[in-house]
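Q: Before we start, here is the structure in question, set down as C-alpha coordinates.
The values are calculated or read from the model by the stated rules, or taken from the named source; none is laboratory data. For clarity, every value in this text was computed on a predicted model and none was experimentally measured. No Cβ is skipped: glycine too gets one built from the backbone with ideal geometry, and neighbour counts run over all protein chains shown. In case anyone asks, the SASA skips ligands and DNA or RNA and just uses the protein heavy atoms, side chains included. Shrake-Rupley method; radii C 1.70, N 1.55, O 1.52, S 1.80 Å.
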Amino acid sequence: MTTPLHDLTLAELSQKLASGQTTSAALTQHALNRIEAHASLGAFLHVDAEGALAEAAAADERRETGQTLGPLDGIPLAHKDIFVTVDHPTTAASKMLKGYMSPFDATVIDKLNRAGTVSLGKLNCDEFAMGGANENSAYQVARNPWDTTRIPGGSSGGSAVAVAARLVPGATGTDTGGSIRQPAALTGITGIKPTYGRCSRYGMIAFASSLDQAGPMARTAEDCALLLQAMSGFDERDATSAQQPVPDFVAALRALRPGANAAQPLAGLRVGVPKEFFGEGVSADVATATREALAQLQKLGATLVDISLPRTELSIPVYYIIAPAEASSNLSRFDGVKFGHRAAKYGDLTDMYRKTRAEGFGPEVKRRIMIGAYVLSHGYYDAYYLQAQKLRRMIADDFQAAFKVCDVIAGPVSPTVARPIGSQTDPVADYLADIFTLPASLAGLPGLSLPAGFGEHGLPVGLQLIGNYWQEADLLNTAHAFQQATDWHQRTPTALKA
Ligand code: GLN
(Lines give C-alpha, C1' and ligand atoms only; values in the text may rest on other atoms or scores of the structure.)
Protein backbone atom coordinates (compact mmCIF):
# COMPACT_ATOMS: atom_id res chain seq x y z
CA MET A 1 0.00 0.00 0.00
CA THR A 2 1.40 3.41 -0.82
CA THR A 3 1.61 5.95 1.97
CA PRO A 4 -1.04 8.68 1.69
CA LEU A 5 0.46 12.04 0.77
CA HIS A 6 -0.35 13.60 4.15
CA ASP A 7 1.64 10.94 5.98
CA LEU A 8 4.80 11.89 4.12
CA THR A 9 7.18 14.45 5.60
CA LEU A 10 8.02 17.68 3.86
CA ALA A 11 11.42 16.25 2.86
CA GLU A 12 9.74 13.17 1.35
CA LEU A 13 7.23 15.32 -0.54
CA SER A 14 10.09 17.43 -1.85
CA GLN A 15 11.72 14.26 -3.24
CA LYS A 16 8.45 13.12 -4.79
CA LEU A 17 8.14 16.48 -6.52
CA ALA A 18 11.73 16.28 -7.73
CA SER A 19 11.29 12.78 -9.15
CA GLY A 20 8.05 13.69 -10.86
CA GLN A 21 5.95 11.26 -8.77
CA THR A 22 3.61 14.03 -7.73
CA THR A 23 2.84 17.64 -8.53
CA SER A 24 2.38 20.73 -6.44
CA ALA A 25 -1.19 20.90 -7.72
CA ALA A 26 -1.85 17.40 -6.33
CA LEU A 27 -0.26 18.22 -2.95
CA THR A 28 -2.13 21.49 -2.70
CA GLN A 29 -5.49 19.97 -3.59
CA HIS A 30 -4.89 17.15 -1.12
CA ALA A 31 -4.11 19.68 1.62
CA LEU A 32 -7.20 21.73 0.76
CA ASN A 33 -9.37 18.61 1.02
CA ARG A 34 -7.94 17.77 4.42
CA ILE A 35 -8.32 21.33 5.67
CA GLU A 36 -11.98 21.16 4.77
CA ALA A 37 -12.50 17.69 6.23
CA HIS A 38 -10.90 18.74 9.53
CA ALA A 39 -12.29 22.26 9.74
CA SER A 40 -13.69 21.49 13.20
CA LEU A 41 -10.12 21.48 14.57
CA GLY A 42 -10.13 25.26 14.15
CA ALA A 43 -6.60 25.48 12.74
CA PHE A 44 -7.27 28.01 9.98
CA LEU A 45 -8.56 31.58 10.15
CA HIS A 46 -8.39 32.02 6.41
CA VAL A 47 -8.07 29.51 3.55
CA ASP A 48 -7.26 30.66 0.04
CA ALA A 49 -7.96 27.69 -2.24
CA GLU A 50 -7.90 29.66 -5.48
CA GLY A 51 -4.68 31.51 -4.70
CA ALA A 52 -2.97 28.32 -3.50
CA LEU A 53 -3.93 26.38 -6.62
CA ALA A 54 -2.65 29.19 -8.82
CA GLU A 55 0.69 29.20 -6.96
CA ALA A 56 0.86 25.41 -7.26
CA ALA A 57 0.26 25.59 -11.02
CA ALA A 58 3.08 28.13 -11.30
CA ALA A 59 5.40 25.83 -9.33
CA ASP A 60 4.53 22.90 -11.58
CA GLU A 61 5.14 25.04 -14.62
CA ARG A 62 8.60 26.02 -13.28
CA ARG A 63 9.37 22.34 -12.77
CA GLU A 64 8.28 21.39 -16.28
CA THR A 65 10.48 24.07 -17.77
CA GLY A 66 13.51 23.24 -15.61
CA GLN A 67 13.34 26.40 -13.52
CA THR A 68 12.66 24.90 -10.11
CA LEU A 69 13.63 27.24 -7.28
CA GLY A 70 14.90 24.65 -4.78
CA PRO A 71 13.76 21.94 -2.39
CA LEU A 72 10.73 23.90 -1.17
CA ASP A 73 9.38 24.76 -4.61
CA GLY A 74 5.76 23.63 -4.81
CA ILE A 75 5.44 22.65 -1.12
CA PRO A 76 2.14 23.85 0.41
CA LEU A 77 2.48 25.68 3.74
CA ALA A 78 0.34 27.86 5.96
CA HIS A 79 1.31 30.83 8.08
CA LYS A 80 0.56 32.01 11.58
CA ASP A 81 -1.79 34.96 11.30
CA ILE A 82 0.75 37.19 13.01
CA PHE A 83 2.80 37.57 9.80
CA VAL A 84 1.43 40.24 7.50
CA THR A 85 0.64 39.06 3.97
CA VAL A 86 -0.41 40.89 0.82
CA ASP A 87 -2.54 38.04 -0.52
CA HIS A 88 -4.49 37.17 2.64
CA PRO A 89 -6.06 39.19 5.43
CA THR A 90 -3.97 39.45 8.62
CA THR A 91 -5.76 39.66 11.96
CA ALA A 92 -3.33 38.52 14.69
CA ALA A 93 -6.49 36.63 15.81
CA SER A 94 -7.81 39.97 17.07
CA LYS A 95 -11.04 41.79 16.33
CA MET A 96 -8.85 44.90 16.19
CA LEU A 97 -7.52 43.80 12.80
CA LYS A 98 -10.58 42.08 11.37
CA GLY A 99 -10.31 42.13 7.57
CA TYR A 100 -6.99 44.02 7.61
CA MET A 101 -5.02 43.77 4.36
CA SER A 102 -1.30 44.54 4.52
CA PRO A 103 0.40 46.45 1.71
CA PHE A 104 3.50 44.25 2.07
CA ASP A 105 4.60 40.71 3.01
CA ALA A 106 6.58 39.96 6.17
CA THR A 107 10.20 39.17 5.25
CA VAL A 108 9.91 35.57 6.43
CA ILE A 109 6.84 35.05 4.25
CA ASP A 110 8.49 36.78 1.31
CA LYS A 111 11.50 34.49 1.63
CA LEU A 112 9.31 31.37 1.72
CA ASN A 113 7.33 32.64 -1.27
CA ARG A 114 10.53 33.23 -3.18
CA ALA A 115 11.58 29.66 -2.38
CA GLY A 116 8.47 28.59 -4.30
CA THR A 117 6.22 27.51 -1.43
CA VAL A 118 2.47 27.62 -1.85
CA SER A 119 0.50 29.52 0.77
CA LEU A 120 -2.76 27.84 1.78
CA GLY A 121 -3.79 30.61 4.15
CA LYS A 122 -3.49 31.90 7.68
CA LEU A 123 -3.46 30.00 10.94
CA ASN A 124 -5.26 30.56 14.20
CA CYS A 125 -3.29 31.76 17.23
CA ASP A 126 -3.71 33.59 20.50
CA GLU A 127 -4.65 37.25 20.06
CA PHE A 128 -1.43 39.15 19.29
CA ALA A 129 0.41 35.92 20.26
CA MET A 130 -0.44 36.41 23.93
CA GLY A 131 -1.21 33.09 25.52
CA GLY A 132 -0.29 29.45 25.74
CA ALA A 133 -3.55 27.67 24.96
CA ASN A 134 -4.92 29.35 21.82
CA GLU A 135 -7.95 30.20 23.97
CA ASN A 136 -7.29 33.92 23.50
CA SER A 137 -8.11 33.84 19.78
CA ALA A 138 -10.96 36.27 19.13
CA TYR A 139 -12.26 33.99 16.37
CA GLN A 140 -12.33 30.31 17.21
CA VAL A 141 -11.19 27.49 19.42
CA ALA A 142 -8.27 25.39 18.19
CA ARG A 143 -8.40 21.71 19.12
CA ASN A 144 -5.61 19.26 19.84
CA PRO A 145 -5.84 16.37 17.34
CA TRP A 146 -4.71 13.94 20.06
CA ASP A 147 -7.86 14.76 22.05
CA THR A 148 -10.17 17.36 20.58
CA THR A 149 -11.45 18.40 24.02
CA ARG A 150 -7.95 19.65 24.86
CA ILE A 151 -5.87 22.71 24.00
CA PRO A 152 -3.16 22.45 21.35
CA GLY A 153 -1.04 24.96 23.29
CA GLY A 154 -0.26 28.43 22.06
CA SER A 155 0.24 30.94 20.93
CA SER A 156 1.08 29.20 17.62
CA GLY A 157 -1.79 26.75 18.26
CA GLY A 158 -3.24 26.77 14.74
CA SER A 159 0.21 26.06 13.28
CA ALA A 160 0.65 23.11 15.64
CA VAL A 161 -2.82 21.72 14.89
CA ALA A 162 -2.37 22.04 11.12
CA VAL A 163 0.92 20.14 11.20
CA ALA A 164 -0.07 17.55 13.83
CA ALA A 165 -3.35 16.78 12.02
CA ARG A 166 -1.39 16.50 8.78
CA LEU A 167 -3.32 19.21 7.02
CA VAL A 168 -0.02 20.77 5.95
CA PRO A 169 3.55 19.43 5.90
CA GLY A 170 4.91 22.59 7.56
CA ALA A 171 3.91 25.95 9.00
CA THR A 172 5.39 29.14 10.34
CA GLY A 173 5.13 30.11 13.98
CA THR A 174 6.48 32.75 16.30
CA ASP A 175 7.94 32.37 19.77
CA THR A 176 8.22 35.18 22.31
CA GLY A 177 8.22 33.06 25.45
CA GLY A 178 7.57 29.56 24.13
CA SER A 179 4.92 29.89 21.45
CA ILE A 180 6.61 27.56 18.96
CA ARG A 181 8.08 25.06 21.42
CA GLN A 182 5.10 24.61 23.75
CA PRO A 183 2.39 23.93 21.12
CA ALA A 184 4.86 21.70 19.26
CA ALA A 185 5.35 19.69 22.46
CA LEU A 186 1.63 19.44 23.25
CA THR A 187 0.73 18.22 19.75
CA GLY A 188 3.68 15.88 19.13
CA ILE A 189 5.47 17.80 16.38
CA THR A 190 8.88 19.48 15.97
CA GLY A 191 9.46 23.23 16.17
CA ILE A 192 12.47 25.48 16.53
CA LYS A 193 12.77 29.01 17.86
CA PRO A 194 16.03 30.27 16.39
CA THR A 195 18.50 32.62 18.07
CA TYR A 196 17.05 36.12 18.47
CA GLY A 197 18.07 37.97 15.30
CA ARG A 198 18.29 34.90 13.04
CA CYS A 199 14.95 35.52 11.27
CA SER A 200 13.72 38.97 10.39
CA ARG A 201 10.92 40.42 12.51
CA TYR A 202 9.89 42.76 9.69
CA GLY A 203 6.17 42.26 9.11
CA MET A 204 5.69 40.12 12.20
CA ILE A 205 3.07 41.95 14.24
CA ALA A 206 5.08 42.98 17.31
CA PHE A 207 4.23 41.60 20.74
CA ALA A 208 7.49 42.01 22.71
CA SER A 209 10.12 43.17 20.26
CA SER A 210 13.19 42.15 22.29
CA LEU A 211 11.89 38.56 22.46
CA ASP A 212 9.84 37.86 19.30
CA GLN A 213 11.34 35.34 16.87
CA ALA A 214 9.90 33.48 13.89
CA GLY A 215 10.53 29.80 13.33
CA PRO A 216 9.30 26.69 11.52
CA MET A 217 6.96 24.00 12.82
CA ALA A 218 6.88 20.64 11.04
CA ARG A 219 6.87 16.93 11.76
CA THR A 220 10.63 16.38 11.83
CA ALA A 221 13.91 18.17 12.51
CA GLU A 222 14.83 17.60 8.87
CA ASP A 223 11.70 19.44 7.72
CA CYS A 224 12.41 22.27 10.18
CA ALA A 225 15.96 22.51 8.78
CA LEU A 226 14.61 22.87 5.23
CA LEU A 227 12.20 25.61 6.29
CA LEU A 228 14.61 27.46 8.57
CA GLN A 229 17.13 27.58 5.73
CA ALA A 230 14.72 29.64 3.67
CA MET A 231 13.44 31.77 6.57
CA SER A 232 16.83 32.86 7.99
CA GLY A 233 19.12 35.72 7.14
CA PHE A 234 19.96 39.36 7.65
CA ASP A 235 17.32 41.92 6.77
CA GLU A 236 18.11 45.61 6.77
CA ARG A 237 14.46 46.38 7.51
CA ASP A 238 14.76 44.85 11.00
CA ALA A 239 17.26 46.72 13.17
CA THR A 240 17.74 43.68 15.41
CA SER A 241 18.32 41.26 12.54
CA ALA A 242 21.86 39.85 12.81
CA GLN A 243 24.59 39.93 10.17
CA GLN A 244 25.30 36.32 10.95
CA PRO A 245 26.17 33.82 8.21
CA VAL A 246 23.43 31.21 7.73
CA PRO A 247 24.94 27.72 7.82
CA ASP A 248 23.70 24.82 5.74
CA PHE A 249 21.14 23.48 8.22
CA VAL A 250 20.25 20.51 6.03
CA ALA A 251 23.87 19.38 5.68
CA ALA A 252 24.27 19.86 9.45
CA LEU A 253 21.62 17.20 10.12
CA ARG A 254 24.00 14.43 9.13
CA ALA A 255 27.28 16.03 10.18
CA LEU A 256 29.29 13.84 12.56
CA ARG A 257 31.48 15.22 15.34
CA PRO A 258 35.00 13.77 15.65
CA GLY A 259 34.65 10.34 17.28
CA ALA A 260 31.01 9.91 16.29
CA ASN A 261 29.79 7.19 13.93
CA ALA A 262 26.52 5.87 12.52
CA ALA A 263 25.77 3.78 15.63
CA GLN A 264 26.82 6.52 18.05
CA PRO A 265 25.97 9.69 16.09
CA LEU A 266 25.98 11.81 19.26
CA ALA A 267 29.33 10.59 20.61
CA GLY A 268 31.24 13.58 21.96
CA LEU A 269 28.09 15.62 22.58
CA ARG A 270 27.72 16.88 26.16
CA VAL A 271 24.08 17.34 27.10
CA GLY A 272 23.48 19.57 30.13
CA VAL A 273 20.53 18.58 32.31
CA PRO A 274 19.44 21.50 34.52
CA LYS A 275 18.30 20.28 37.93
CA GLU A 276 15.76 23.13 38.09
CA PHE A 277 13.94 21.59 35.10
CA PHE A 278 13.15 18.44 37.06
CA GLY A 279 11.92 19.99 40.29
CA GLU A 280 8.49 19.77 41.85
CA GLY A 281 6.90 21.92 39.13
CA VAL A 282 7.04 19.18 36.53
CA SER A 283 4.41 16.44 36.53
CA ALA A 284 5.51 12.83 36.99
CA ASP A 285 4.49 11.65 33.51
CA VAL A 286 6.36 14.46 31.77
CA ALA A 287 9.44 13.93 33.94
CA THR A 288 9.45 10.19 33.16
CA ALA A 289 9.08 10.64 29.39
CA THR A 290 11.75 13.35 29.41
CA ARG A 291 14.19 11.19 31.37
CA GLU A 292 13.62 8.32 28.95
CA ALA A 293 14.38 10.68 26.07
CA LEU A 294 17.60 11.71 27.83
CA ALA A 295 18.51 8.03 28.17
CA GLN A 296 17.93 7.68 24.43
CA LEU A 297 20.37 10.54 23.77
CA GLN A 298 22.86 8.68 25.96
CA LYS A 299 22.33 5.49 23.94
CA LEU A 300 23.18 7.50 20.85
CA GLY A 301 26.53 8.38 22.40
CA ALA A 302 25.83 11.66 24.22
CA THR A 303 27.16 12.27 27.73
CA LEU A 304 24.73 13.73 30.28
CA VAL A 305 26.12 16.47 32.51
CA ASP A 306 24.34 17.81 35.61
CA ILE A 307 24.04 21.57 35.40
CA SER A 308 22.17 24.34 37.21
CA LEU A 309 20.21 27.29 35.86
CA PRO A 310 19.59 28.84 39.29
CA ARG A 311 17.31 31.65 38.15
CA THR A 312 14.85 29.46 36.22
CA GLU A 313 11.95 30.35 38.52
CA LEU A 314 12.66 34.08 38.24
CA SER A 315 12.16 33.90 34.49
CA ILE A 316 8.39 34.01 35.10
CA PRO A 317 8.17 37.38 36.89
CA VAL A 318 10.95 38.77 34.67
CA TYR A 319 9.18 37.78 31.45
CA TYR A 320 5.74 38.84 32.67
CA ILE A 321 7.13 42.33 33.34
CA ILE A 322 9.26 42.77 30.22
CA ALA A 323 6.84 41.23 27.69
CA PRO A 324 3.77 43.25 28.81
CA ALA A 325 5.92 46.42 29.05
CA GLU A 326 6.95 46.06 25.43
CA ALA A 327 3.44 44.99 24.42
CA SER A 328 1.87 48.07 25.99
CA SER A 329 4.14 50.21 23.87
CA ASN A 330 3.79 48.15 20.66
CA LEU A 331 0.01 47.99 20.85
CA SER A 332 -0.38 51.74 21.28
CA ARG A 333 -0.51 51.95 17.46
CA PHE A 334 -3.94 50.33 17.46
CA ASP A 335 -5.87 53.49 18.15
CA GLY A 336 -8.46 53.54 15.36
CA VAL A 337 -6.62 56.19 13.34
CA LYS A 338 -4.46 54.62 10.65
CA PHE A 339 -5.65 51.03 10.41
CA GLY A 340 -7.77 48.38 12.00
CA HIS A 341 -10.97 48.72 13.93
CA ARG A 342 -12.53 52.11 14.76
CA ALA A 343 -15.54 52.45 17.06
CA ALA A 344 -18.70 53.39 15.15
CA LYS A 345 -19.90 55.92 17.71
CA TYR A 346 -17.74 58.24 19.79
CA GLY A 347 -17.52 61.74 21.19
CA ASP A 348 -14.12 63.46 21.11
CA LEU A 349 -10.74 61.97 20.05
CA THR A 350 -9.98 60.48 23.48
CA ASP A 351 -13.37 58.84 23.50
CA MET A 352 -12.67 57.41 20.04
CA TYR A 353 -9.37 55.87 21.28
CA ARG A 354 -11.06 54.54 24.38
CA LYS A 355 -14.03 52.93 22.65
CA THR A 356 -11.94 51.57 19.78
CA ARG A 357 -9.50 49.87 22.13
CA ALA A 358 -12.20 48.66 24.51
CA GLU A 359 -14.06 47.03 21.61
CA GLY A 360 -11.05 45.81 19.61
CA PHE A 361 -8.91 44.08 22.25
CA GLY A 362 -9.79 40.91 24.15
CA PRO A 363 -9.40 40.52 27.93
CA GLU A 364 -5.89 39.02 27.97
CA VAL A 365 -4.51 41.72 25.68
CA LYS A 366 -6.06 44.40 27.88
CA ARG A 367 -4.57 42.74 30.97
CA ARG A 368 -1.10 42.83 29.41
CA ILE A 369 -1.44 46.45 28.31
CA MET A 370 -2.43 47.43 31.85
CA ILE A 371 0.40 45.47 33.47
CA GLY A 372 2.83 46.94 30.95
CA ALA A 373 1.68 50.51 31.47
CA TYR A 374 1.90 50.02 35.23
CA VAL A 375 5.44 48.60 35.35
CA LEU A 376 6.68 51.38 33.07
CA SER A 377 4.99 54.18 34.95
CA HIS A 378 6.86 56.84 36.89
CA GLY A 379 7.73 55.63 40.37
CA TYR A 380 7.41 51.93 39.49
CA TYR A 381 9.83 51.74 36.58
CA ASP A 382 12.93 51.17 38.75
CA ALA A 383 11.21 48.65 41.00
CA TYR A 384 9.83 46.50 38.19
CA TYR A 385 11.11 47.13 34.69
CA LEU A 386 14.69 48.04 35.54
CA GLN A 387 14.96 45.20 38.04
CA ALA A 388 13.58 42.76 35.48
CA GLN A 389 16.14 43.90 32.91
CA LYS A 390 18.97 43.27 35.39
CA LEU A 391 17.67 39.80 36.18
CA ARG A 392 17.25 39.08 32.48
CA ARG A 393 20.98 39.66 32.08
CA MET A 394 21.74 37.32 34.98
CA ILE A 395 19.55 34.60 33.43
CA ALA A 396 21.56 34.92 30.20
CA ASP A 397 24.81 34.74 32.22
CA ASP A 398 23.65 31.51 33.89
CA PHE A 399 23.34 29.93 30.46
CA GLN A 400 26.84 31.04 29.50
CA ALA A 401 28.20 29.44 32.66
CA ALA A 402 26.34 26.23 31.77
CA PHE A 403 27.66 26.19 28.20
CA LYS A 404 31.21 26.00 29.61
CA VAL A 405 30.50 22.39 30.54
CA CYS A 406 27.95 21.29 27.92
CA ASP A 407 27.12 21.77 24.23
CA VAL A 408 23.32 21.62 24.41
CA ILE A 409 20.87 21.74 27.30
CA ALA A 410 17.94 19.32 27.47
CA GLY A 411 14.78 19.18 29.54
CA PRO A 412 11.00 19.34 29.42
CA VAL A 413 9.11 21.94 27.37
CA SER A 414 5.85 22.12 29.28
CA PRO A 415 5.41 20.92 32.88
CA THR A 416 2.27 18.95 31.92
CA VAL A 417 0.57 17.41 28.90
CA ALA A 418 -2.22 19.40 27.17
CA ARG A 419 -5.01 20.42 29.55
CA PRO A 420 -8.75 20.42 28.69
CA ILE A 421 -10.12 23.47 26.85
CA GLY A 422 -11.73 25.91 29.28
CA SER A 423 -10.24 24.26 32.36
CA GLN A 424 -8.11 27.21 33.44
CA THR A 425 -9.68 30.46 34.60
CA ASP A 426 -6.64 31.87 36.42
CA PRO A 427 -4.30 33.46 33.88
CA VAL A 428 -1.38 33.28 36.31
CA ALA A 429 -1.60 29.48 36.38
CA ASP A 430 -1.01 29.47 32.63
CA TYR A 431 1.87 31.94 33.03
CA LEU A 432 3.53 29.53 35.47
CA ALA A 433 3.39 26.76 32.85
CA ASP A 434 5.84 28.78 30.72
CA ILE A 435 8.64 28.17 33.23
CA PHE A 436 10.82 25.96 31.00
CA THR A 437 10.50 27.95 27.78
CA LEU A 438 10.96 31.48 29.15
CA PRO A 439 14.65 31.21 30.18
CA ALA A 440 15.93 30.61 26.62
CA SER A 441 13.64 33.37 25.31
CA LEU A 442 14.95 35.91 27.81
CA ALA A 443 18.54 34.93 26.97
CA GLY A 444 17.82 35.06 23.21
CA LEU A 445 19.02 31.49 22.77
CA PRO A 446 17.73 28.96 20.21
CA GLY A 447 15.35 26.28 21.51
CA LEU A 448 13.85 23.26 19.82
CA SER A 449 11.01 20.98 20.84
CA LEU A 450 10.70 17.45 19.51
CA PRO A 451 8.30 14.57 20.20
CA ALA A 452 9.75 12.49 23.03
CA GLY A 453 6.99 10.11 24.07
CA PHE A 454 3.60 10.15 25.73
CA GLY A 455 2.29 11.02 29.16
CA GLU A 456 -1.08 10.89 30.89
CA HIS A 457 -4.13 10.14 28.71
CA GLY A 458 -1.79 9.11 25.86
CA LEU A 459 -0.92 12.76 25.17
CA PRO A 460 2.37 13.83 23.58
CA VAL A 461 5.36 15.04 25.59
CA GLY A 462 8.10 17.17 24.05
CA LEU A 463 11.83 17.26 24.73
CA GLN A 464 13.39 20.71 24.70
CA LEU A 465 16.92 21.26 23.41
CA ILE A 466 18.52 24.65 24.05
CA GLY A 467 21.71 25.68 22.27
CA ASN A 468 24.21 28.48 22.51
CA TYR A 469 23.84 31.54 20.26
CA TRP A 470 23.70 30.69 16.52
CA GLN A 471 23.99 26.95 17.23
CA GLU A 472 20.64 25.95 15.69
CA ALA A 473 22.57 23.39 13.63
CA ASP A 474 23.57 21.53 16.85
CA LEU A 475 19.93 21.35 17.93
CA LEU A 476 18.74 20.13 14.54
CA ASN A 477 21.57 17.59 14.36
CA THR A 478 20.76 16.22 17.83
CA ALA A 479 17.03 16.11 17.14
CA HIS A 480 17.60 14.41 13.79
CA ALA A 481 19.76 11.71 15.38
CA PHE A 482 17.04 11.17 17.98
CA GLN A 483 14.37 10.91 15.28
CA GLN A 484 16.42 8.41 13.28
CA ALA A 485 16.37 6.14 16.35
CA THR A 486 12.79 6.71 17.56
CA ASP A 487 9.33 6.83 16.00
CA TRP A 488 7.49 9.25 18.33
CA HIS A 489 7.35 11.82 15.52
CA GLN A 490 5.63 9.28 13.26
CA ARG A 491 2.71 8.47 15.56
CA THR A 492 -0.75 9.37 14.29
CA PRO A 493 -3.05 11.50 16.43
CA THR A 494 -6.10 9.67 17.71
CA ALA A 495 -8.60 12.07 16.11
CA LEU A 496 -7.32 11.09 12.68
CA LYS A 497 -7.54 7.34 13.10
CA ALA A 498 -11.35 7.32 13.14
N1 GLN B 1 2.69 31.94 26.75
C2 GLN B 1 3.56 33.08 26.67
C3 GLN B 1 2.72 34.34 26.78
O4 GLN B 1 1.57 34.22 26.97
C5 GLN B 1 4.37 33.05 25.41
C6 GLN B 1 3.66 33.60 24.21
C7 GLN B 1 4.54 33.65 22.99
O8 GLN B 1 5.63 33.08 22.95
N9 GLN B 1 4.08 34.39 22.00
O10 GLN B 1 3.20 35.41 26.68
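Q: So for L459, L226, what's the accessible-area order with a 1.4 Å probe, most first?
A: The residues order as L226, L459, largest area first.
Q: Mind giving me the nanometre distance, one decimal, between the label points for A239 and V405, set 7 Å out from Cα along Cα→Cβ?
A: 4.0 nm
Q: Per residue, how much accessible area does the chain have with a 1.4 Å probe, in Å²? Can you show the working numbers first?
A: Working: 18840 Å² over 498 residues.
Averaged over the residues of the chain, the accessible area is 38 Å².
Q: Express as a percent, rounded to the nearest 5, the fraction of DSSP beta bridges in the chain (both residues included) that run antiparallel. Let's see the in-between values first.
A: On the way: 30 of 42 bridges.
Counting DSSP beta bridges with both partners in the chain, the antiparallel share is about 70 percent.
Q: Roughly how many percent of the accessible protein surface of the chain is carbon and sulfur, given a 1.4 Å probe and a whole-percent answer?
A: Working: 10080 of 18840 Å².
Ligands and nucleic acids excluded, carbon and sulfur reach 53 percent.
Q: A follow-up question, please. Around V86, with a cut-off of 10 angstrom between Cβ atoms, what is the net charge of the other residues, counting Lys and Arg +1 and Asp and Glu -1?
A: -3
Q: Post the alpha-carbon centroid distance, region 435-498 to region 364-416, in whole angstrom.
A: A separation of 22 Å, based on Cα centres.
Q: Roughly how much of K98 is accessible, in Å² to the nearest 10, using a 1.4 Å probe?
A: Its accessible surface works out to 150 Å², give or take rounding.
Q: Return the whole-Å distance between the Cα centroid of region 120-156 and the Cα centroid of region 18-52.
A: Cα centroid to Cα centroid, the span is 19 Å.
Q: Further question: What is the log10 of I(q)/I(0) for the chain, computed with the Debye formula using one identical point scatterer on each Cα and no solvent, at q = 0.13 Å⁻¹?
A: Log10 of I(q)/I(0), two decimals: -1.21.
Q: Of K95/K355; K275/K404; K98/K366; K95/K338; K193/K338, which sit over 22 Å apart, Cα to Cα?
A: The pairs that break the limit, which is 22 Å between Cα atoms, are K193/K338.
Q: Taking the Cβ-Cβ separation of L386 and K345 as r and a Förster radius of 56 Å, what is the calculated FRET efficiency to the nearest 0.05?
A: 0.85
Q: Could you point to the residue in V282, G154, F361 farthest towards the positive end of the chain's charge dipole, with +1 and -1 charges on the Cβ of Lys/Arg and Asp/Glu respectively?
A: Looking along the dipole axis, the top candidate is F361.
Q: Could you order the peptides 74-83, 309-318 from most to least packed, using the average number of other C-beta atoms within 10 Å per residue?
A: Top to bottom by mean Cβ count within 10 Å: 74-83, 309-318.
Q: For labels at E64 and A263 in the simple 7 Å Cα→Cβ model, what's the distance in nm?
A: Going from the E64 label point to the A263 one covers 5.2 nm.
Q: Select from H6, A93, L72 the residue farthest towards the positive end of the dipole of region 1-108; place +1 on Cβ of Lys and Arg, -1 on Cβ of Asp and Glu, and compute about the Cα centre.
A: A93
Q: S19: accessible area at probe 1.4 Å, nearest 10 Å²?
A: Solvent-accessible area, nearest 10 Å²: 70 Å².
Q: Still on this model: Among L112, L45, I82, which residue has its Cα furthest toward the positive end of the charge dipole of region 18-133, with +1 on Lys/Arg Cβ and -1 on Asp/Glu Cβ?
A: Comparing the listed Cα positions along the dipole, I82 ranks first.
Q: How much mean residue ellipticity at 222 nm does the chain get from its helices, if each DSSP H run of length 4 or more adds -39500 (n - 2.57) and you divide by all residues, to the nearest 500 deg cm²/dmol? Can you show the working numbers first?
A: Numbers: 17 runs with 181 residues, N = 498.
Dividing the helical sum by the residues of the chain leaves -11000 deg cm²/dmol.
Q: If I stretch the segment between Y374 and V305 completely, what's the gain in nm (0.36 nm per residue apart, minus their alpha carbon distance), one decimal?
A: Working it through step by step, the gained length comes to 20.7 nm.
Q: Taking only C-alpha pairs under 8 Å that are 6+ residues apart, what is the relative contact order of the chain in percent? Don't jump to the answer; show the numbers that get you there.
A: On the way: 1186 pairs, mean separation 86.1, N = 498.
Over the chain, the number comes to 17 percent.
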